[in-house]
Every structure is written in structure tokens, then in C-alpha cells.
1. In what sequence, highest mean first, do 60-73, 5-18 appear when ranked by Cβ atoms within 10 angstrom?
2. Restricting attention to the alpha-carbon atoms of the chain, what are Rg (one decimal) and Dmax (integer), both in Å?
3. Quick query: amide H of TYR6 versus all other amide H atoms, modeled in the peptide plane; which residues come in under 5 Å with a sequence gap of 5 or more or a different chain?
4. With unit charges on the beta carbons (Lys and Arg positive, Asp and Glu negative) and the dipole taken about the Cα centre of the chain, which residue among THR47, ASN35, ALA89 sits farthest to the positive side?
5. Restricting to Cα pairs below 8 Å that are 6+ residues apart, what does the relative contact order work out to for the chain? Please round to a whole percent.
6. Once you list every other residue whose beta carbon is under 15 Å from the beta carbon of LEU86, what net charge do they have if Lys and Arg are +1 and Asp and Glu are -1?
7. To the nearest 20 Debye, how big is the dipole of the chain about its Cα centre, given +1 on the beta carbon of each Lys and Arg and -1 on that of each Asp and Glu?
8. For the residue pair ALA53 and GLU84, what label-to-label distance in nm results when each label sits 7 Å from Cα along the Cα-to-beta-carbon direction?
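What follows draws every value from the coordinates through simple rules; no lab data is involved. Predicted, not measured: the structure shown is a model, and the values here were computed from it. Neighbour counts are summed over all protein chains in view; Cβ atoms, including those assigned to glycine, are modelled from backbone coordinates with ideal geometry.
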Amino acid sequence: MNKDVYLIEDWKLVSCMAAVSPEEAYARIDGNVFNNPNFQEGDPVITSVIEYAEGELICTRSGSKYQLGNPLPSYEEQYPNAKERLLKARQ
């Protein structure tokens, strides 16, 4: 994985701290981050607002790029195929 791309696991999309659908316009990712020198491995984070998808990567307003790992199981249950829906909505 590119050192400038951070892995995020057990994620969900949030807006004002409530879970929202993958198509939400001003959503942020709430999850556990890996491969980021500013955090310890697995630290919880909330990203800046998602701007767009670049292939399999999510790019945020701050300029960070995230490789999506597995969504939080309860989020995936609420929003089936969350990863695919998010990537499609942001292309």
C-alpha cells in the first residue's frame, strides 16, 4: 500500500455523528485507521468530508486518501453493499 494512502477498517459514514447512507452528500468516514504516521495503528478517526472516489480510494476534502477495508458489520447490515455503493456514488 502506498505510504500516502491510509487503510480504514470497521468504518461507517456519518454526518453530525449519525450513520448515513453511502450516497449522503456531506458524509465523513468514522473508522479505525492504519498506515497513518499521525495515529497509532487502529486508532479511531473521523475523516474530513468525502470529495470523490479515485478508483478504489476515497479522497477527502483535506487531501487524504483512504483505502476502504471492511465496513462495520452493523453498518453493512443497515446499508448492504456499502463499499460498492460509496465508490459508485463518488465516481
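1. Values: 60-73: 15.6, 5-18: 17.3.
Most protected by this proxy first, the peptides run 5-18, 60-73.
2. 11.8, 32
3. LYS65, TYR66, GLN67
4. ALA89
5. Values: 184 pairs, mean separation 28.9, N = 91.
RCO, the chain: 32 percent.
6. On the way: positive: LYS12, ARG28, LYS65, LYS83, ARG85, LYS88, ARG90; negative: GLU9, ASP10, GLU23, GLU24, ASP30, GLU51, GLU54, GLU56, GLU76, GLU84.
With Lys, Arg at +1 and Asp, Glu at -1, the net is -3.
7. Numbers: 9 positive and 14 negative charges, 50 e Å.
Its charge dipole is roughly 240 debye.
8. Distance between label points: 1.0 nm.
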